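Structure, as structure tokens:
The values are calculated or read from the model by the stated rules, or taken from the named source; none is laboratory data. Note that this is a predicted model, so its numbers are computed, not measured. All Cβ positions, glycine included, derive from the backbone under ideal geometry; neighbour counts span all protein chains shown. Note: accessible area is taken over every heavy atom of the protein model, side chains too, but ligands, DNA and RNA are not part of it. Shrake-Rupley method; radii C 1.70, N 1.55, O 1.52, S 1.80 Å.
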Amino acid sequence: MDTIFALASARGKSGVAVIRVSGPQAHAVVKTLAGALPQARRASLRKLHTSDGDLLDTALVVIFDQGASFTGEQVAEIMMHGSLATVAAVEACLVQDHSLRMAEPGEFTRRALENGVLDLTQVEALGDLLEAETESQRRQAMRVLDGALGRLVEGWRGHLLKAAALVEVSIDFVEEDVGNFDAMILAELNAVQSQLKGEIAGQAARERVQSGFEIALIGSVNAGKSTLLNALAGREAAITSDIAGTTRDVIELRMDIGGYAVTLLDTAGLRETREEIESIGIARGQKRAADADIRIILCDGPDTPPPVDVLSNDIVTFSKSDQFPHAQGGLSGVTGEGIDALLQEIVQRLSVMTARDGVSVRRRHLQAMTAAQHALESAIEKLGVEGYIPELVAADIRQAMTALDSLIGKIDVEDLLGDIFASFCIGK
């Protein structure tokens, strides 16, 4: 196994730069470089020298023992002054004097996976954490990185192992009176089945936390949709005009609303038109709005009915409230009236949508859990038939366990790793 290194902090001029070294020679290299090894996990000030004795820098050095590090290997971290020249000199020394290799993207994390420090769900969560833009994304990534999904899967596997053991007893001692274990087997399978259903039910909303929710602005022409979008953005994101049909296509604006990643969709105004381009824009807007998580329906006034049928998750209000001084409620993209209340309502709706407990967040997680659920449904159905064949029940249980093993990366994940680690920075 090669000993590798990489800059773990951002490349470029900085106050402090961190180089991480991992592998069987990590401690030996640092001892040569720094003169003496510090106590494990204790930062110590050291002078760094080349093999010719030239002073490179004064740095803080921390070492981690094998089995007690991020990668599971010997690890050292060197915190030096962050000038470009200093970093380049230390990197050159590691290559030329010590024959170390620059790490590939995600290689530190891949070693953590291979050494059993992280499971595949934690590796994915680390990638999500590095990409997190909002507070909800950060919190969700941290839950999975902390091992919540892995622990959940291990609990499920424990129930299935008990069920499988009871089935095997009934197979091995079929000619002996060892009792009827059907109720015990069924209890173990149902325990997993009910938890899987709950986890799957909240999957879509948790997945949207990562990808972002979509909120569509709907209204008639000149209802104030683009003005509202600009007010929410704090800039001119959309063209506003008194001319009907100004917005011809869906305008998208990515925002952080109350810690949630949200894409606002400004759709073309709803009206009958013979103009071909405007008709296409209206049709596209209606399609995107139908698929949105929340629709904000803007009426033309406090007494004007909504221009579309209202669905359960729609927010209905009237725009241009500055033109209706005696009306209660409403909002105005010009004066800002009602904007804060609208944002609070959006956050409340998103909070309700994501309130269901659960930790699975990716499409791959959903596919693995669904496969396990189908296998369990088959096993439970077979158990309900008098004179069932226990070998077939055992096969279904093994299939469910295989699906769960693939979820945490114990099997059949090699093809996924290239895509996962390609998004990681070099120092991870």
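A few remarks follow.
- Of the residues 186, 113, 298, the one that moves most in a GNM of the chain with alpha-carbon contacts below 10 Å is 186.
- For the chain, the spread of Cα positions along each principal axis, largest first, Å: 80, 78, 38
- The residues of the chain have, on average, 49 Å² of accessible surface per residue, using a 1.4 Å probe with all protein chains present.
- Euclidean distance of C-alpha centroids, region 87-159 and region 1-40, integer Å: 18
- Stokes-Einstein, applied to the Kirkwood radius of region 1-48 over Cα pairs at a viscosity of 1.567 mPa s and 4 °C, places its translational diffusion at 108 µm² s⁻¹.
- Of all accessible heavy-atom area on the chain, the percent that carbon and sulfur account for (1.4 Å): 51
- For the chain: lysine pairs under 26 Å (alpha-carbon distance), excluding those fewer than 8 apart on one chain: 14
- Here the dipole of the chain is about 1440 debye; that uses its Cα centre as origin and unit charges on the Cβ of Lys and Arg (positive) and Asp and Glu (negative).
- Relative contact order of the chain, taken over Cα pairs closer than 8 Å and 6 or more residues apart, is 16 percent.
- Each 10 Å bin from zero up to the one holding the largest Cα-Cα distance in region 68-115 carries the following percent of pairs: 22, 43, 32, 2.
- Measuring spread by the Cα atoms of region 295-378 yields a radius of gyration and Dmax of 20.0, 64 Å.
- Residue (of 29, 392, 148) at the positive-pole extreme of the chain, dipole from beta-carbon charges: 29
- Rotationally averaged projected area of region 60-165 (alpha carbon convex hull; nm²): 9.8
- Kirkwood estimate for region 20-102, i.e. one over the average of 1/r between Cα atoms, Å: 12.6
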